[in-house]
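*Asks:* One structure, as structure tokens, below. Some questions next.
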Amino acid sequence: MNKIKLRYQQVSDARKFWEILNHPDFIYFPNKPKTIKDEIDYLRLNREKRKNNLEYNFSITIRDDVVGAIGVMIDQRRPHIGEIGYFIDRKHWGKGIASRSVKLVEEFIEQELHLHRIEIKMNKKNKGSVLVAEKCGYRKEGIQIGKLSIGNEYADAYSYAKVVGKNP
Ligand SMILES: CC(C)(COP(=O)(O)OP(=O)(O)OC[C@H]1O[C@@H](n2cnc3c(N)ncnc32)[C@H](O)[C@@H]1OP(=O)(O)O)[C@@H](O)C(=O)NCCC(=O)NCCS
């Protein structure tokens, strides 16, 4: 497979992300940007979020083409915990890109963030995301009922986690 790389997101990724996220098959993804301007506004906050140890968000690229995104959000009450989230362009599903990107973001976490616990949560029905978590060695901890809100509906989430790094 072509080499998958991560780089920090840029405001110029906005149109591509907006297109990817608004594909009709993206049924389990919350918080889709309604307009490209919404996505630009979101991306503009990234630098500040990194500076304040809130979120580290990356574009996933293959030969410089953006094929998805992945990020880690730091739990502000328990800063040894981070939650990984991701999405991949519909055209590239099922090629191992999300699983590989989780591994790459784990390397970043190990080198830069020194977290102790990483979580992944997904809609219970999101088979693709469940498989990504399991393939990457995350353990299912249970169901969080009514955790997710998508549009006007609420949904249950599976909670997966993995312990990494050393005890402080
Ligand atoms: C979920 C998602 C990120 C998976 O990305 P991906 O790059 O296709 O994932 P991978 O190729 O690494 O998949 C891992 C495994 O899941 C399988 N898989 C992927 N999508 C699947 C689906 N929709 N249904 C069933 N299996 C699926 C893959 O075939 C692979 O299995 P294998 O290792 O036995 O071949 C992608 O479908 C997506 O972006 N969905 C919309 C956004 C989303 O739901 N994000 C997650 C929010 S928690």
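*Asks:* Considering the range 72-168, what Rg and Dmax in Å follow from its alpha-carbon atoms?
*Replies:* Gyration radius and largest Cα-Cα distance of the range 72-168: 13.7, 42 Å.
*Asks:* Mind grabbing the accessible area of residue 62 for me, 1.4 Å probe, Å², rounded to tens?
*Replies:* 20 Å²
*Asks:* Let me know the Rg and Dmax you get for the range 11-104 when you use only its Cα atoms, in Å.
*Replies:* 13.5, 38
*Asks:* Which residues among the range 69-110 fall inside the zone where the amide N is under 14 Å from a point 7 Å beyond the Cα of residue 54, along Cα→Cβ?
*Replies:* 72-77, by backbone N distance to the label point.
*Asks:* Local charge sum around residue 14 (other residues, Cβ-Cβ under 14 Å, Lys/Arg +1, Asp/Glu -1)?
*Replies:* +1
*Asks:* Per residue Cα convex hull volume for the chain, in cubic angstrom?
*Replies:* Hull volume over Cα atoms, normalised by residue count, gives 123 Å³.
*Asks:* At 222 nm, what helix-only mean residue ellipticity would the chain give, in deg cm²/dmol to the nearest 500, using -39500 (n - 2.57) for each DSSP H run of four or more?
*Replies:* Counting only the DSSP helices, I get -7500 deg cm²/dmol.
*Asks:* While we're on this one: Rg and Dmax of the range 40-89, using alpha carbons, in Å: what are they?
*Replies:* Reported Rg and Dmax, both Å: 12.1, 38.
*Asks:* Distance between Cα centroids, the range 99-138 to the range 1-70: provide it in whole Å.
*Replies:* 17 Å
*Asks:* Can you give me the Rg/Rh ratio for the range 1-40, using Cα atoms for both radii and the Kirkwood formula for Rh?
*Replies:* Working: Rg = 11.8 Å, Rh = 11.5 Å.
Checking Rg against Rh, the ratio lands at 1.03.
*Asks:* Putting +1 on Lys and Arg Cβ atoms and -1 on Asp and Glu Cβ atoms, find which of 18, 149, 160 reaches farthest to the positive end of the dipole of the chain.
*Replies:* After comparing all options, I get 160.
*Asks:* Which value, in debye to the nearest 20, describes the size of the charge dipole of the chain about its Cα centre when Lys and Arg Cβ atoms bear +1, Asp and Glu Cβ atoms bear -1, and nothing else is charged?
*Replies:* On the way: 32 positive and 22 negative charges, 49 e Å.
The dipole magnitude comes to about 240 debye.
*Asks:* Note down the net charge around residue 145, summing +1 for each Lys or Arg and -1 for each Asp or Glu among other residues with Cβ under 12 Å from its Cβ.
*Replies:* Surrounding charge for residue 145 is +1.
*Asks:* A follow-up question, please. Test of understanding: what is the full-extension gain from residue 143 to residue 80, defined as 0.36 nm times their sequence separation minus their Cα-Cα distance?
*Replies:* Stretched out fully, the residue 143 to residue 80 stretch lengthens by 20.5 nm.
*Asks:* Further question on the same structure: If the label point is 7 Å along Cα→Cβ of residue 153, which residues in the range 20-52 have backbone nitrogen under 12 Å from it?
*Replies:* Within reach of a label on residue 153, which here means backbone N under 12 Å from a point 7 Å along Cα→Cβ, the range 20-52 contributes 27-29.
*Asks:* I need the trypsin sites (Lys or Arg not before Pro) found in the range 59-167, filtered to DSSP loop residues with at most 14 other beta carbons within 10 Å of theirs.
*Replies:* Numbers: sites: 63, 77, 90, 91, 95, 100, 103, 117, 121, 124, 125, 127, 135, 139, 140, 147, 162, 166; in loops: 63, 77, 95, 124, 125, 166.
Sparse-neighbourhood loop trypsin sites (Lys or Arg not before Pro): 63, 77, 125, 166.
The values are calculated or read from the model by the stated rules, or taken from the named source; none is laboratory data. Source: prediction; values computed, not measured. Quick reminder, even Gly has a Cβ in these numbers, built from the backbone with ideal geometry, and neighbours come from all protein chains shown. All accessible areas refer to the heavy atoms of the entire protein, side chains included, with ligands and DNA or RNA removed. Shrake-Rupley method; radii C 1.70, N 1.55, O 1.52, S 1.80 Å.
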